[in-house]
Structures are given as C-alpha cells and as structure tokens.
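S.K.: After the structure tokens below, expect a handful of questions from me.
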Amino acid sequence: MTQSTQNRESSSSGVATYPPTEQMLEEKIDKRTQEKTADRLRKAWETPKGWRYWSAVNNSEVGVWYSLTAFFFMMCAGVLALLMRVQLAVPENDFLSADTFNQFFTMHGSAMMFLFAVPMFEAISILVLPALLGARDMPFPRLSAYGYWCFLIGGIFVMGSILFGVAPNSGWFMYPPLATKAEGVGSDIWLLGLSFIEVASIAAAVELIVGVLKCRPPGMRINLMPLYGWYVLVVGGMILFAFPPLIAGDFLFELERSFDWPFFDPERGGDPMLWQHLFWIFGHPEVYIVFLPSIAIAAMVVPTVAQRPIVGYSWIVLSAVGTGFLSFGLWVHHMFTTGLPSISLGFFTAASEAVVIPTGIQLFAFVATLMVGRVKLNLPMLYIAGALAIFTAGGLTGVMLALAPFDWQVHDTYFVVAHLHYTLFGGMVFPLIAGIYYFYPFFTKKQMSVRLGKIAFWLLFTGFHIAFLPMHLTGLMGMPRRVYTYPSTLGWDWLNMISTVGAFIVAVGFLVFTYDLLRPKGKQPYTPRNPYNAGTLEWSHNIPDEAWGSRSIPYITSRYPLWDQEKIVERMDAGRYYLADAPEGKRETLITTVLDAKPIQVMRVTGPAWITICAAIFTGGAFIFPTFHWYPPAIVSGILAIACVLYWLWTSTAPIPEQKTKDAGLGLNLPIYASGPASAGWWGVWITMLGDSTAFASLIFGFFFYWTAKENFVPSGSDFVLASYLVLGVLSFAVTWATLVGARALNRRGSTKTARNLLLVSALFTIAGTALFCLSVVNSGLEPTSHVYPAIIWAIMVWTVVHTAVGLIMLGYCIAGATFGKLTPEHDADLCNVTLYWHFIIITVVVASLVIGLLPRLL
Amino acid sequence: MKNVALISLSCLLLSSCSGVQSVLDTAGKDASVLAHLFWVLLVGAIVLWLLMNGLFFYVTRIEPRELSRRAAEALVIGGGIVFPFILLAGLIAYALSIMPDQRAAGDGVVVRVTGEQWWWRVEYDLGDGSAPIVSANEIRLPVDHRTEIKLGANKVIHSFWVPALAGKMDMFPGRETRMAVEPEKTGIFRGQCAEFCGESHALMAFQTVVLEQDEFEQWLERERQDAVQPTEAVPRQGEQLFVSEGCGACHTIRGTEAQGNLGPDLTHVGSRKSLGAGILPPTAEAFSNWTRHTGAIKPGVKMPSFAHLSDRQIEALGQYLEALK
C-alpha cells in the first residue's frame, strides 16, 4: 500500500469523528486517567536538568535564551550610541578617535538591525507562536536551537570585534569601493559574521512559516488565525525574499575581498551601484521586517484592552500582505541622490508614498477597535499609545523623505537620523516593550511592576524626544550623518548637547526597565491564569507553567476562543481534546492542512540534543576562519558541520514509527509518518528553496545589471564558456533529475532495489555534471580577476556547483537510507524532499548555463 | 598630550572659517524652492500628527463611548484609504512638478568636481576649447547664472552638497553624475561631503564663493595664471623647501617644477578662503600647523607630517604657501 492511499484511508476514517461534536466534547474523562496521561505527557516534555539544561530545544527555553541574547546585544549597541553621543556633545571633541567613532556607528547600526531587531522578532515569535496556535512546540525544534547557537556564536564574534578595535568601520550599509578596499579584517567580519547570522535568521523564518501553515490547531482555518500569526507569515516571507539578495551581495563582496574578483571595481568593469541595489532590495523590506512584528504585538494588545474583537480583521491582513509586497518596490528611495533618471525617481516616490495607505489602515483599525470597545487602559497600552505618538511623527517625516526633491536636501543628514529613530523607536522599541509587559505573565506567570513600568515609560518617552526631536533641526541646519566631529560655528553645538542629554535619559529608562525585567520575583504569587481576560489561546497555559504548552490541543471555531468557546479551557485541562497523552513517551504535535486546518498527522518532534550545538560551532568555524584567510581549518569545520547535520538528520528526522497510526484523541486516528506535501519537512524544503532561488536570481540580476549598465560588459575578444562541456554538463544533470524522479516513483511502487540503482546512476551523473560544469569555465581561459565579465561567470558557476554538490550529498543520504532500511516504499519523506530540492536545482542549472553559456555569445 | 593641545589649537582656528550651511537659510533658486516645500510639508505634518494623536487620546481618555461596528469600519476606510489617497496624490503631483526645474542644465562655465579622500579636485571648463583651469577645495560661481556641475570621484563614493544652494548629488568612481546650481546672492556658503567616505569623512568640506559676474570672470582670469614668485627672503626659502622636501611629487604649483597630481593643486592656495578642505583658515600659521601635524589634524590622510622640519623652516613654508595668492 502506498503512502498516499494510506493517507486517504486514515483521513476517510477520520470523517466520522471529525469535526468533533458537542456531544463528544461533553463526555467526561475520569480523574485517574487525567492524572495518568498528564504524568506521561509531562515526562515526554520534561526540560533537561542541571548542565544538560543547555541541550534543551523546546521553544519555551530556546525562545527565552534567544530574546535575552538579542536584548543583550541591543544594550551593547545602545552603549555604543551613548559613547558616540558623548563624542558629539561638544564640537571638536577628542573623546573618540575618528576610526573608533566610525567603528562604533557601523556596529551600532549593524547590531541593532542584525543582532537585535530581526532576531528579537524571531525570538518572541518562537516563544509565543506555538502557544497562540495551541501547538506543543515549533515544527523543527532542533532547527530553532541550531539557529540560536549560530546567532550566539556569530553575534559574539561580530560584536566582540569592537573590543579589539578591529570592527568593521565602513557603515552598516558597507558601500563599496570604500568597504571592499578597507584595510584589516573589519569588512570580512561584517560580511562573514553577519552572513552566518542571516542564514540562521532564514532558518528561523522557514520554521516560523511552516509553524503558521502546518501547526495550527484543528478547526483554526487560516481566517481564524490570530493576527500575530498572519504577521509572522508575512514577515517570514519577507525575510525569505529580502535576505537572499543580501547574501548574494555578500557572496560577491567576499569574493572580491578574498580573491580580487572585481564585481564592484569600476576600473575592471565592475560597478559599486550593484551593491547599492542588492543592499537596499534587502534593506528596505528590512525596515518593514522590523516594523510589522510590532504592529502584530499591538494587534494582540488592542483587542484585549478594548475587550472586543479587532475591527477590520480582513483589512488588516490585506494591509499586512500589501505592505510586504510594496516594501520590495521602494528600495530606490535610499538612492535618490545617485543620479538615477527622473522617471525612476518619480516612480519610486509614488511607490514609497503608497505604503502610507496600508499603514494607515492598520492604525485606524486599532483606533476603531478601541472606539468599538470598552477601553481598560493598562501598562502595555500606555506603551502602545507612546509608540503611536512617536511612530506617526516618524511616518510623517517619512512622507517628506519619500519625495525625491526634498530628499536631495536632507538625505544623509541628521534629519534622516531623527526620522529613522522615530520610526524604529515608535515602530519597534515601544511596541516591543509593550509586548514584553503584556506577555510577561504568560512567559513567567509573574508580574512586572506597574510603578517601575510607568517610570521607565516617562523616562524613555521624554528622553527620546529630547534626544531625537532636535536632530530634525540639526539636519536641516546642514549636519551630515556619520561625522565624528563638527566645527563650532555652524550652530550645531547646543542642538547636539541637548540630544546627548536626551540619550542619557533614554539610557536611564532602559536601566529601570531592565531592572524590573530581571529582578528576581520568587516571592511574588503567581498571576491569575488569564490576567487581562484576553481571548486568544496563549492565555490558556497552565499555572504554574508546564513544558507541554497546551495540556490538549483544542478544536477551534473562533478567532477569540477564550471569549467565544465555552468551557474550552476546562476541556483542554481535562485532556478532552487532541494529544492529551504520550503513551510512547515521545514528543508529538499535530499537523493540519494549510487552509482549513484539518488534522492530518501526529508529528513526532525532536527532543533535547547536543548535536545542534556541535553543528552550530562547526558552521561558525566555516564562516569565521575565512575572515582571517585560514582556509584549511575553515574547510575542516565545514566538513564537520555537514557531518553533524547528517548525523542529526539520520538519527532524529522523520524516524520510522513503531506503528502506522495512532489515536490522537476524540476517536481520531492519524498517521504518525507523512511524506511529500502532507509533511512539515517537505514544506520546509520548499520554502527554503524559494529563498535560495531568490539569492540565485539576485546573481542573475547582477549579470543583467552589468549588461545594461556598463558598455563593453563583454570586452571584445573575450573568451566564452566552453559550449561542449556546458551542454554535456546540463545533459548529465538532466539524467540526474530524470533518474531521481524515476527512483521516487519506483520506490513508491515497491521496486526498492531498482530505485536504489537508479539513485546510484543519479549520483554518478551528478558527479559528471558537476565536473563538466566546472571545466567549462575553468578551461575556457576566462580569468576571474581580470574583468567583471569572467568574474560574474565564475561566480554563477561556483554558486551552481556548490548546489549540485549539496545535491550529491543528499543523493548519498537517500542511497544510504535505501541500503539501511530507512527509505522504504511507505517511508519516503527523504526521497520526496531531495527530489523537490533537485527540481529547483535543475532550474538553477538550466538558467545558469543559458546565462553564462549563451548570452555572452549573443551580446 | 602635545598633539591634543595642537588639535585644540587648530580647532580654535577652524572656527573662524565657516560660511552658512543650512537648508533653511538659502541663497540659491533650487534650495529656496525646496525650503518652501519643506515649510508646506512641516505644516501639513504637524496638523496630521495632532489629528491622529488627538483622535487616539480622545478615544482612550476623554470619551471612551462605544461606537457601532459600521461606523468603525467607515473610519478604517475613510481614514486609512480615502483621505491619504487624496492627500498623497496632491502631494506627489506638487513635489514631482518641482523636479524638472531642479534638474535643468546650466550654461556657461562647467565646473567639474572630483571627490578625493578627503578633498575636492575642482576644474573650470570654459567650453571654448582651452585647457580647464585647475583648482581645489573651493568653488567660485557667478551670481544669477545657472552653472553646470559635473561630478566624479577617484576611489570611493562621496556626495557633493552645498545646502544653501541646492540638494546633494553623489559622486562615483567610474561614473559621471551632474547637477546645476543657481545662486541668487553673493557670499560664502559652506559645503560638505554627505556620503560616508572613510576615516576623515567629517573633515571634507569646502567653501563656495558666489561673486558678481564680472568679479567671477576676473577671478577666473587670475586663477588661470601661473603662481606668483615670492620676492621676500623667508617665502623664497619656503619655496626652496617645497622643492627639496619633494612636495612637488604630489602637488602642482603651476610655473614651478612642482607638477604632482596626487594632492590638491596649490597654485593659488593662498587666495582661498580655507585650507585642508574647509577645515582651517588660510593663514600662514595654519599652513605651518597643517604641514607639521597633518595626520593629527586629519586622521588617515595620505600626506605625511613634516614634523622633522625646524620651526623656522615650517614657518618659511607656511609663509610661501600663504603668499600664493
């Protein structure tokens, strides 16, 4: 029997029992069964004790580490800001040297963006999302843990460089040629260290997207999902499409720095503008990646404060999605002063202004919700109100800046510094603090102090305006950004002094907040279970906390189940709903369909492990050693990282269960194993490859950019890629792909032997194809250091063969699986996922060979 | 400690040599159009901010009365879509209508400015086939004329900005950008590099001197001439030092054997309103100070410090340069 028919059968057997009727839910469960199942569940989800604690992978542990680490990096970057404010307090100050100041502002921006804003969103989402969805955990807990350890290692590496005075000093935007030509390892630390963290960010984004799509509770159709889930989906998608262009840019940039391939060197046909495009195609969506999660927090706080469902749910969802799309069409407003044609400026001015509309809809929806409801003001709401006051001011200066002619004056001045801090403080920091106050009873079952919270608020709020309001004027009076000193005659002195005073008031506000956050609250009694009488599922968690998250996974019929579904908490506690028991002692969560959230699988999720930490350490080595041009240890680290990941996958991913199906509760029998689109892993691969393809598309964009922007992109008399090798290479990969697809089909039909042989053929042709692809470029006489034309061809070739090499490892994994009984006709998730990977790779191969082989001959 | 004292000294001197550098205190047509745009935007922004936050305050504090769901949805659509759409359409039309004039070409002399780390190479192209007149770190313009400015850079990206005259334009290596300015007042207006360009980005400024048309032409004629030979003994000694210390490897002083092209042209450096790319006054003392403490005054600069020269030698050199009117 094949997997698909098995699926169909189990779901057809589920028809009778799903959705559960009121009668089924009314049925009582006796106390002893309740206690027995609770004990087993508790045991399965037990957090490791003692030093083993650090092997935990559960979202409630990883999320806490993640958010505290991100908060720590925020404080570090804040200290840098204070030191810079001291330097700028008076004109012609010599508190910091020029180079130190330049390192500080580079690290302040880089750390706030890459080590605080994005990781903080992911951290909070990892903490909150499973609870919002009544899920037990994220779909890939070890991936969360791996992402966290990567973030910690990379963050310490990048942030630590400041202590040795070797931090990057070319600005967080790293414009070449300044950054490509910068001496020392600073630029490499930025490129490699942050690429490492970006990879971790993408991993977390993939996991969050899969979590939202596949781990919702039964019945929670996509239009019943809490708004926070929608924002996670939108922001995750934005990370997926915004970070890859930057990674592609980093790839080219590091090739230029390490091997002198002249992508951004105008003397050899390169163009620094390509970096600006790639950077801002990332950089502008990044602004909304930072901003939307905070709107998401507001979207959770506002209905609770109003004690009414949100007004205009569909409008908000549409606006969030719309903002996500629009944000990719605005990047040029960071480049208004680069001399682009007026028609582009006009277009990007209009597109940038258009973002006001979805943002306005979201803000007005919150106001309308408050008007509909009976407002019960609380501390989180105070911060939301503060956020609104700050953010609207930042938004309005944004409307000014988006007008190209006005931007010509204030671009790269303190006016922009003021604007961006208004949007980020109002659109990120204040809502985040609101979120921490709001969710604190959920995280710890204790309360933070209202009195300290109000003191912190007024310090932060007034300090912020004292620091940043005068900067608008400083900028209009002509002070550029990123200057380590200034003369005393231009009228900037008193403005800067005021800003410095304000910055220190903000710092005191943060100290008060941090004290309140971290002070021990051991003696404080637990909070009530749902202290704000909120309507969403996270407030159903037990007090004191249990590592299992939801005692049982409920059936959902409303956007605000705790308001609308009577007895839901009581029934969850009684274990009346799904997965109330763990008879096999395994960690399990429910997988449902993407749109309607029909339950389709009981997924076994992974438990505590050290291998994720090992994998992160070696991945770190592979990124960090090349910074110092220590290539042999880098290669060894890379190999060990791959080995760790393979071990981790082999031992714990999609294991063959001891039984085909199991009783998920309420009479629902669900398969434990799933492959293909029914499984979470397949979605993970699919989403990851979308991001990967975006990076590849960015490289191809680079090729077309040079073609259109540079005369003589292909210098006359240049060599071409060897057509014969290239054609044979493409044909080899075609065989790889065809045999792989064949192998999957045959394996399903039970011809496992033939399938394995086909996989072997597939692997051999991959080796041949990879070799031919390399040779077509290596033997062509194209010298990558000589000009940008051979360099971009080499870059596309390297990108492609790295991917086919990874594909080869995957094929080897499947062959091993077929040999050792891990891959069987019913259990073919690995093969399905590898086939999916190769669908993407065959497209990559074809596009790459057309671009490097055919196009230059046509030019 | 000594360095610190000297830097403070040079900074004191620095304060005496600045013109206006404000977006709001304009002296050029393009800048005054943009300043007007700013005042319109500012008033609009304040009104909108008060409306939005006033509404929020009203809703949460003053009158928390319940509203019907339909009225609430009307608020979302009216406030979130209709109102901003109308407002933005008008705003975009207004702002974009400014652009063609802002980007209009100049006539007459073309000024070619190249960004260097961290100074400005300036050439005046008269358009009559004669060789361009080379200068540095200062730009002179005729009043009431639209002058075309062509921009480039040598190694890294810079940005050319004189706030009192017009908006800024970036300067790229390997790519020419352009703008034009139309001063309406004579006077001295300060400009500064606005794109981060390395260690001493903060110290890359210049003065723009706007002259009456005839004065401008006379000045151009003087600027075209070779350097004046010093007549007094001390400056003459300075001239010899300039040669013997090898300054000519990087600097040009037309009419002498100094023909270097790496640093600023010094043919008429004594006649400029500032020294060191807008950071020091054009006095003999400042010249001496700069020559001796180059790297301390401008960190990362390529010019070496001539600290080994005696006080008298440094003074002579300073007097020579200051006399290059």
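S.K.: Would you please name the residue that is surrounded by the fewest Cβ atoms within 10 Å (Cβ to Cβ), looking only at residues in the range A:337-357 that are facing another protein chain (nearest Cβ under 8 Å) and in contact with a Leu (Cβ under 7 Å, 6 or more places away or on another chain)?
M.R.: It comes out as A:G346.
S.K.: Can you report the number of residues in the range A:373-387 which are out of contact with any Gly (no Cβ under 6 Å at 6 or more places or on another chain), surrounded by fewer than 24 Cβ atoms within 10 Å (Cβ to Cβ) and of a type in the set (A, V, I, L, M, F, W, C)?
M.R.: Number of matching residues: 5.
S.K.: Could you check how many residues of the range A:414-431 are buried (at least 24 other Cβ atoms within 10 Å of the Cβ) and either among the aliphatic types (A, V, I, L, M) or not assigned by TED's automatic domain parsing to the domain that holds A:T337 (or both)?
M.R.: Of the residues in that region, 3 qualify.
S.K.: Suppose the filter is over 30 Å from A:P480 (Cα atoms), acidic (D, E) and free of Cβ contacts under 8 Å to residues at least 60 places away in the same chain; does B:E176 pass it?
M.R.: no
S.K.: Quick check on the range A:750-776: of everything there that is of a type in the set (G, A, S) and assigned to a helix (DSSP H, G or I), which residue is farthest from A:L850 (Cα to Cα)?
M.R.: A:A755
S.K.: Being within 21 Å of B:P281 (Cα to Cα) and facing another protein chain (nearest Cβ under 8 Å) is the filter; apply it to the range B:165-204 and report the residue that is surrounded by the most Cβ atoms within 10 Å (Cβ to Cβ).
M.R.: Here the residue is B:C193.
S.K.: Within the range A:49-82, work out how many residues are out of contact with any Phe, Trp or Tyr (no Cβ under 8 Å at 6 or more places or on another chain) and not in a helix (DSSP H, G or I).
M.R.: The total comes to 3.
S.K.: I've got another one for you. Testing A:H472 on (1) in a loop (DSSP other than H, G, I, E, B); (2) within 14 Å of chain B (Cβ to nearest Cβ); (3) out of contact with any Pro (no Cβ under 7 Å at 6 or more places or on another chain), one condition comes back false. Which one is that?
M.R.: (1)
S.K.: Still on this structure: Among the residues of the range A:749-767 satisfying the criterion of being in contact (Cβ under 8 Å) with a residue 40 or more places away in the chain and over 35 Å from the mean Cα position of the chain (by Cα), which is nearest to A:L731 (Cα to Cα)?
M.R.: The residue in question is A:L760.
S.K.: Scanning the range B:76-116 for residues that are of a type outside the set (G, A, S), closer than 28 Å to B:P183 by Cβ and within 9 Å of chain A (Cβ to nearest Cβ), which turns out surrounded by the fewest Cβ atoms within 10 Å (Cβ to Cβ)?
M.R.: Among those residues, the one meeting the criterion is B:P100.
S.K.: With respect to the numbered conditions (1) surrounded by 24 or more Cβ atoms within 10 Å (Cβ to Cβ); (2) free of Cβ contacts under 8 Å to residues at least 24 places away in the same chain, which one is the sole condition not fulfilled by B:N137?
M.R.: (2)
S.K.: Checking the structure you have, find out if any residue of the range A:617-625 is under 25 Å from the mean Cα position of the chain (by Cα), over 16 Å from A:V158 (Cβ atoms) and free of Cβ contacts under 8 Å to residues at least 60 places away in the same chain.
M.R.: yes
S.K.: Quick one: which residue in A:F406, A:F415, A:F442 is of a type outside the set (K, R) and either away from chain B (no Cβ under 14 Å) or under 30 Å from A:A534 (Cβ atoms) (or both)?
M.R.: A:F442
S.K.: Is one or more of the residues making up the range B:54-63 within 13 Å of chain A (Cβ to nearest Cβ), of a type in the set (A, V, I, L, M), over 22 Å from A:A320 (Cα atoms) and crowded, with 19+ Cβ neighbours inside 10 Å?
M.R.: Scanning the range B:54-63, I find at least one residue that is within 13 Å of chain A (Cβ to nearest Cβ), of a type in the set (A, V, I, L, M), over 22 Å from A:A320 (Cα atoms) and crowded, with 19+ Cβ neighbours inside 10 Å, so the answer is yes.
S.K.: Can I ask one more? Here is a check on your reading of the model: is B:S22 closer than 30 Å to B:S97 by Cα, modelled with pLDDT of 65 or more and assigned to a helix (DSSP H, G or I)?
M.R.: When the stated conditions are applied, B:S22 does not pass them.
S.K.: Has the range A:477-495 got at least one residue that is surrounded by 19 or more Cβ atoms within 10 Å (Cβ to Cβ), free of Cβ contacts under 8 Å to residues at least 12 places away in the same chain and within 14 Å of chain B (Cβ to nearest Cβ)?
M.R.: Looking through the range A:477-495, at least one residue is surrounded by 19 or more Cβ atoms within 10 Å (Cβ to Cβ), free of Cβ contacts under 8 Å to residues at least 12 places away in the same chain and within 14 Å of chain B (Cβ to nearest Cβ).
S.K.: Among the residues of the range A:777-786, is any of a type in the set (G, A, S) and in a helix (DSSP H, G or I)?
M.R.: No: zero hits.
S.K.: What are the pairs with Cβ atoms under 7 angstrom where one residue, in the range A:396-413, is assigned by TED's automatic domain parsing to the domain that holds A:G329 and the other, located anywhere, is aromatic (F, W, Y) and surrounded by fewer than 23 Cβ atoms within 10 Å (Cβ to Cβ)? Sequence gap at least six, or different chains.
M.R.: Final answer for the pair search is A:L396/B:W49; A:F406/B:F38.
S.K.: Select, from A:V166, A:V206, A:V212, A:V158, the only residue that is touching a residue at least 12 places away in the same chain (Cβ under 8 Å), more than 14 Å from chain B (Cβ to nearest Cβ) and not in a helix (DSSP H, G or I).
M.R.: Unique residue meeting the criteria: A:V166.
S.K.: Give all pairs with beta carbons closer than 7 Å in which a residue from the range A:140-154 that is among the β-branched types (V, I, T) meets a residue that is assigned to a helix (DSSP H, G or I); count only pairs at least 6 apart in sequence or on separate chains.
M.R.: A:I153/A:A616; A:I153/A:I617; A:I153/A:G620
S.K.: Test each condition in (1) assigned to a helix (DSSP H, G or I); (2) surrounded by fewer than 18 Cβ atoms within 10 Å (Cβ to Cβ); (3) more than 29 Å from the chain's Cα centre (by Cα) for B:R222 and report the one that comes out false.
M.R.: (3)
The values are calculated or read from the model by the stated rules, or taken from the named source; none is laboratory data. Computed from a prediction, not measured in an experiment: that's the story for all the values here. Here the Cβ is made from the backbone with ideal geometry for all residues, glycine too, and neighbour counts use every protein chain on show.
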